[in-house]
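Asks: Before we start, here is the structure in question, set down as structure tokens.
The values are calculated or read from the model by the stated rules, or taken from the named source; none is laboratory data. Every value quoted in this text rests on a predicted model; they were computed, and no experiment measured them. As a convention, Cβ positions derive from the backbone with ideal geometry for all residues, glycine included, and neighbour counts pool all protein chains shown.
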Amino acid sequence: MSAQQISRWSRFWHMASGWGSVGVVYTLSGWLQGPGTVLPETALDRLISFNPDGIWLYLSFFVIIPVAYFTTDVPRMRWLMRSMQVCAVLCGLVFMLWPTTLVYPEVSGDGISVWVFRLLLAGDSSQNCLPSLHAALTLLSVWALLDRRRPWRSLLAVGCGICICFSIIQLRRHVSIDLAAGLLVGWCSGWLCLQRRPASHENRAVTS
């Protein structure tokens, strides 16, 4: 097996360990939690009309995470894995102690966007709203991709992150309070993992 292949497998297992821990927590909390508290829409949420066409931006979340794991520097990859694991624990505690849900809009109409959106709904939980894991993991992935040596990649990552966050509310999978809480949890998880020692050289690599 070549060194390049070993590197790819290493990146895959780091992604499986980091992102996979989020999936485990999300699934287990859905089985064990009680009924959720309904979160209200805010004026900001009402400014963004519900539109199933936002599904394509929403699903780009499932692209940006693998891109982050497979293209970022090794120290950042390790930091991303640990940050996602911490994020999973923090969100899981909230999901168990205070499950939340929304009043979801009716999905009507035809077209491929509506069809794909309904597929998403069939496999998604109607709870686990606050904090938004979608927002938290998006922030961590964008953070991992930021690099002064690659300004265009950094700019593209930030743009993709903003679009994903917009689509989260556009599809009413979350409201703005969920989004803000998810971004906060993502930032706290990333910051906590930057403080980990004795990996000071990794900390410099992630913040560069």
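Asks: Can you tell which of W152, W143, W187 is assigned to a helix (DSSP H, G or I), within 17 Å of F70 (Cα to Cα) and of a type in the set (F, W, Y)?
Replies: From the options W152, W143, W187, the qualifying one is W143.
Asks: Taking R76 as the residue in question, decide whether it is of a type in the set (K, R) and without any contact (Cβ under 8 Å) to a residue 40 or more places away in the chain.
Replies: Numbers: of a type in the set (K, R): yes; without any contact (Cβ under 8 Å) to a residue 40 or more places away in the chain: no.
The answer is no for R76.
Asks: Right, next: Select the helices (runs of 4 or more DSSP H) contained entirely in region 7-76, then report the ones holding at least 1 residues which are among the aliphatic types (A, V, I, L, M) and either under 16 Å from L137 (Cα atoms) or within 18 Å of the chain's Cα centre (by Cα) (or both). Lay out the reasoning, then the answer.
Replies: Details: elements: 43-47, 55-59, 61-71.
In region 7-76, the matching helices (runs of 4 or more DSSP H) lie at 55-59, 61-71.
Asks: So, one more: Pick out the one residue from L93, L121, L130 that is surrounded by 12 or more Cβ atoms within 10 Å (Cβ to Cβ), more than 17 Å from W19 (Cβ to Cβ) and within 15 Å of the chain's Cα centre (by Cα).
Replies: L130
Asks: If you don't mind, there's one more thing I want to ask. Can you pull out every residue in region 96-115 that is closer than 23 Å to W19 by Cα and either in contact with a helix residue (DSSP H, G or I) (Cβ under 7 Å, 6 or more places away or on another chain) or part of a loop (DSSP other than H, G, I, E, B) (or both)?
Replies: Result: M96, W98, P99.
Asks: Scan region 104-118 and tell me whether some residue there is small (G, A, S) and touching a Leu at 6+ places or on another chain (Cβ under 6 Å). Please lay out each step first, then the result.
Replies: First, the residues of region 104-118 that are small (G, A, S): 108-109, 111, 113.
From what's left, touching a Leu at 6+ places or on another chain (Cβ under 6 Å): none.
No: zero hits.
Asks: How many residues are without any contact (Cβ under 8 Å) to a residue 24 or more places away in the chain and not hydrophobic (A, V, I, L, M, F, W, C) if we restrict to region 11-66?
Replies: The total comes to 4.
Asks: Which residues, taken from region 45-77, are buried (at least 22 other Cβ atoms within 10 Å of the Cβ) and basic (K, R)?
Replies: Matches in region 45-77: R76 only.
Asks: Next question, about the same structure. Which one is modelled with the lowest pLDDT, of the residues in region 179-195 that are over 13 Å from L137 (Cα atoms) and either surrounded by 15 or more Cβ atoms within 10 Å (Cβ to Cβ) or small (G, A, S) (or both)? Even if it seems obvious, please write down each step before you answer.
Replies: First, the residues of region 179-195 that are over 13 Å from L137 (Cα atoms): 191-195.
Narrowing the set further to residues that are either surrounded by 15 or more Cβ atoms within 10 Å (Cβ to Cβ) or small (G, A, S) (or both) leaves 193-194.
Details: C193: 95, L194: 92.
Here the residue is L194.
Asks: Give just the number: which of (1) assigned to a helix (DSSP H, G or I); (2) within 23 Å of H14 (Cβ to Cβ) does R118 not satisfy?
Replies: All conditions pass for R118, except number (2).
Asks: Are any residues in region 157-171 hydrophobic (A, V, I, L, M, F, W, C) and exposed (fewer than 15 other Cβ atoms within 10 Å of the Cβ), and if so, which ones?
Replies: Correct list: V158, I162.
Asks: Further, regarding this structure: What residue, of T100, T42, is farther than 22 Å from L146 by Cα and buried (at least 20 other Cβ atoms within 10 Å of the Cβ)?
Replies: Answer to the check: T100.
Asks: OK, next. Take region 31-41 and flag every residue that is closer than 22 Å to R172 by Cβ and out of contact with any Pro (no Cβ under 9 Å at 6 or more places or on another chain). Break it down stepwise before answering.
Replies: Taking region 31-41 first, the residues closer than 22 Å to R172 by Cβ are 33, 35-41.
Across region 31-41, the qualifying residues are V38, L39, P40, E41.
Asks: Please go through (1) buried (at least 17 other Cβ atoms within 10 Å of the Cβ); (2) among the charged types (D, E, K, R); (3) touching an Asp or Glu at 6+ places or on another chain (Cβ under 7 Å) for R153 and return the number of the only condition it doesn't satisfy.
Replies: That leaves (1) as the condition not met.
Asks: Given the criterion at pLDDT below 95 and closer than 17 Å to I162 by Cα, identify the matching residue among L59, L121, L44, L146.
Replies: Residue meeting the stated conditions: L44.
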